[in-house]
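Notes to accompany the following structure.
The values are calculated or read from the model by the stated rules, or taken from the named source; none is laboratory data. Computed from a predicted structure; not experimentally measured. In this analysis, Cβ positions are derived from the backbone assuming ideal geometry, glycine residues included, and neighbour counts consider all displayed protein chains.
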Amino acid sequence: MVTLLLDSAHLEVALSGSERLLAFRRQNVDLPRDTIAKVQLTDDVWTWLRGVPSPGTHVRGVVAMGTWKSAGSEDFVLVRGRRPGVVIDLEEHPDYERIVLTTRHGLALVQALRLDVEGPAEDVADLQKRLA
């Protein structure tokens, strides 16, 4: 399960060791909050994939992780199974146009992005519990 960390300036997609390996990525994905244009909740993240993994891992219907390249765009994808997820559209991000993730904390992410978070980065699931 992906961990989403949020502070006043950034949303960080924190990757586990296996996610780093399958996504062919050494570092977490850092998203400045001012590059986030839109966040959409979806029940089927597979329909949002576009292009081909380059580099990345893809086993149809099971796992899709890494950078997905299509005509003139790159997305970061972290999808497991048939779970609900989020699609984060970005503007002026240096690496990606879109982030596609499976997470059960999609609603918590949408709610947390509406807040001005003070202090160190916190897991969006913890933010939701604290504010509920």
Return the pairs, sorted by first residue and then second, in which the second residue is polar (S, T, N, Q) and assigned to a strand (DSSP E or B), the first residue lies in segment 81-95 and is over 15 Å from Val13 (Cβ atoms), the beta carbons are less than 9 Å apart, and the residues are 6+ apart or on different chains. Gly81/Thr102; Arg82/Thr102; Arg83/Thr102; Pro84/Thr42; Pro84/Thr102
Quick check on my filter: what residues within segment 17-58 are over 18 Å from His93 (Cβ atoms), polar (S, T, N, Q) and either surrounded by 13 or more Cβ atoms within 10 Å (Cβ to Cβ) or within 12 Å of the chain's Cα centre (by Cα) (or both)? Thr42, Thr57
Determine, yes or no, whether Leu6 is modelled with pLDDT of 95 or more and either closer than 28 Å to Pro120 by Cβ or over 11 Å from the mean Cα position of the chain (by Cα) (or both). no
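Looking at segment 58-88, which of its residues are of a type in the set (Asp, Glu) and farther than 21 Å from Thr3 by Cβ? Steps first, answer last, please.
If we filter segment 58-88 for residues that are of a type in the set (Asp, Glu), which is where we start, we get 74-75.
Glu74 - this is the single residue of segment 58-88 that is of a type in the set (Asp, Glu) and farther than 21 Å from Thr3 by Cβ.
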